[in-house]
Amino acid sequence: MSSTRTEREPTPAVGQAHPRRWLILGVICLAQLTVLLDNTVLNVAIPSLTRELGASTSDIQWVISAYSLVQSGLLLTAGSSSDRYGRRKMLAAGLVLFGTGSLVAGLAGSTGQLIAARAGMGVGGALLMTTTLAVVVQIFDDGERVKAIGIWATVNSLGFAVGPLLGGVMLDHFWWGSIFLINIPVAVIGLVAVLTLVPESKNPRGDRPDLLGALLSTVGMTGIVYAIISGPDAGWTSARTLASAAVGVVFMAAFVAWELRTPHPMLDMHFFRNQKFTGAVAGAILVAFGMGGSLFLLTQHLQFVLGYQPLEAGLRTAPLALTVVALNLTGVGARLLPKLGAPLTIAAGMSCLAGGLAAIALLGGDSYGGMLFGLVVMGAGIALAMPAMANAIMSAIPPEKAGVGAGVNGTLAEFGNGLGVAVLGAVLNARFAALVSVSAASLPAALAAARSAGERARVADAFASGLETSQLVGAVAVLCGGLLAAALLRRAERADSAVVASA
């Protein structure tokens, strides 16, 4: 059926507009929104999972990180696979995998099953994230492509705003599994629309997917994150933690060695010789680190410490994403970038992000007012820094490698998000364990084990203190990363100016 339709309506070449391009864009945005909503919905559900599944903080870290690690490890390979074997096929496969993983996650009876399902969803998410943008580039001509990509990017930002609200509504009326099952009808509708509307496009002579590179990087990143997550419980010098860290380091070293020798690397290590690329990479990872880790902590703070219900918590995290959307739509970051330059714009944005995290830690402990201020400042920082860093990454890569550049940007965002959840969650765990007198894996378990009102108050105070400490650690990391990125970019610009002057 699809071959007949393709013969009747051939796929336009890149640079030519498809007659049904805006309808196809709507389908693509629906597929993209499915992935984004799932991640942000899950943040609001953390307390429910903790209570109803008996999940510890480290279990919840793995529920989130399993998805991010698998997706970040496969994004670049998924992009080259879609180029070589067909973007429409990979988009459909991504929707099937994501929908199936959502079904298993929604019916999971234990945290182990849920973590495995989330890893499977990460495979589908990697196919969706890389393929949607590639199809947009394929079906729009040069004149409309910028507008189409702008709509695609705006949908990304809206996902962060709508997800917590949708999660709050679902959890107010249904059990925690509903936040995953809601993906299934959307995935089915998207699959039918993709098979009916989206044209096939591929480059059969494109680079072969680097499957070994994907395997080495995924195992390496998982080993490092496992060590970070298990450290507070097992001990930082325990055999389990040290062995996991060693496996992670060895596999990441093997990944680098393989990428340097293979003719078709998923990540060309020579890019890192460019200080502009290295600086932008450092900044991109730490923006995702700060935002992902912060949202992981915020929903617990709002529900466990300030006592809000899931929908109320979702409404109170929305100002972060709404600020990003508002500033993106008005083009504030795009207008400031040419005036300030990439180094100063990134430094200003990362400083705002760090300042917002610090404000939440220091002013939002007992009331929402201080937290609201911090969320708005964080949103402003993200809106400033992210476009500047994406532009720096893309401009540091040759035009013929633009697809690789987009994949690198997405990979860094997912890895930074998983790393933020792991590191800031580990700081929270370590601080909570040092202060609380009862032995428990989560706040609800610790409160249940407390024998008096005074002991329960001390447990709640210990959790709030752990949240404050972890937000401050995140603020310091983001600030240092922003200054490092700005310094490397400034040095690269001076080197380029010196080369031009001597020519």
note = Under 5 Å from the placed amide H of residue 141, counting only residues 5+ away or on other chains, we find 17, 18
Percent carbon-and-sulfur accessible area, the stretch 318-381, ignoring ligands, DNA and RNA, probe 1.4 Å = 75
remark   = Along principal axes, largest first, the alpha-carbon spread of the stretch 60-131 in whole Å comes out as 38, 20, 12
ask   = In square angstrom, rounded to the nearest 10, how much accessible surface does residue 89 have for a 1.4 Å probe?
value = 110
task = Round to the nearest 10 and report in Å² the accessible area of residue 252, as given by a 1.4 Å probe over the protein chains' heavy atoms.
result = 50
query = Ignoring ligands, DNA and RNA, what accessible area per residue does the stretch 260-372 give at 1.4 Å, in Å²?
reply = 39
key: Cα-based equivalent ellipsoid of the stretch 235-342: semi-axis lengths in Å, sorted from largest, via gyration tensor   = 35, 28, 11
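Once you wrap a convex hull around the alpha carbon atoms of the stretch 296-361, what is its projected area averaged over all directions, in nm²? Could the numbers behind the result be given before it?
Values: hull surface 20.6 nm².
So the Cα hull casts an average projection of 5.1 nm².
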message = Let me check something: with ligands and nucleic acids excluded, how do 373, 289 order by accessible area (1.4 Å probe), largest to smallest?
response = 373, 289
request  = With a 1.4 Å probe and every protein chain left in place, work out the accessible area per residue of the stretch 32-124 in Å², rounded to a whole number.
outcome  = 26
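Would you mind telling me the share, in percent, of accessible area of the stretch 167-262 contributed by carbon and sulfur at probe 1.4 angstrom? Don't skip to the answer; put the middle values down first.
Details: 3430 of 4740 Å².
Ligands and nucleic acids excluded, carbon and sulfur reach 72 percent.
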remark   = Counting only protein heavy atoms and leaving out ligands, DNA and RNA, the solvent-accessible surface of residue 152 at a 1.4 Å probe, in Å² to the nearest 10, equals 40
task = Step through the residues of the stretch 101-115 one at a time and calculate ³J(HN,Hα) from phi using the Karplus curve (6.51 cos²θ - 1.76 cosθ + 1.60, θ = phi - 60°), rounding each to whole Hz and writing x for Gly and Pro.
result = x, 5, 4, 5, 5, x, 9, 4, x, 8, 5, x, 5, 5, 5
task = Using +1 at the Cβ of each Lys and Arg and -1 at the Cβ of each Asp and Glu in the stretch 207-270, identify which of 229, 217, 264 lies farthest towards the dipole's positive end.
result = 229
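The values are calculated or read from the model by the stated rules, or taken from the named source; none is laboratory data. Computed from a predicted structure; not experimentally measured. Cβ coordinates were reconstructed from backbone atoms using ideal geometry, including for glycine residues, and neighbour counts include every protein chain displayed. When the accessible area is computed, the model is the full protein with side chains, heavy atoms only, and any ligands, DNA or RNA have been set aside. Shrake-Rupley method; radii C 1.70, N 1.55, O 1.52, S 1.80 Å.
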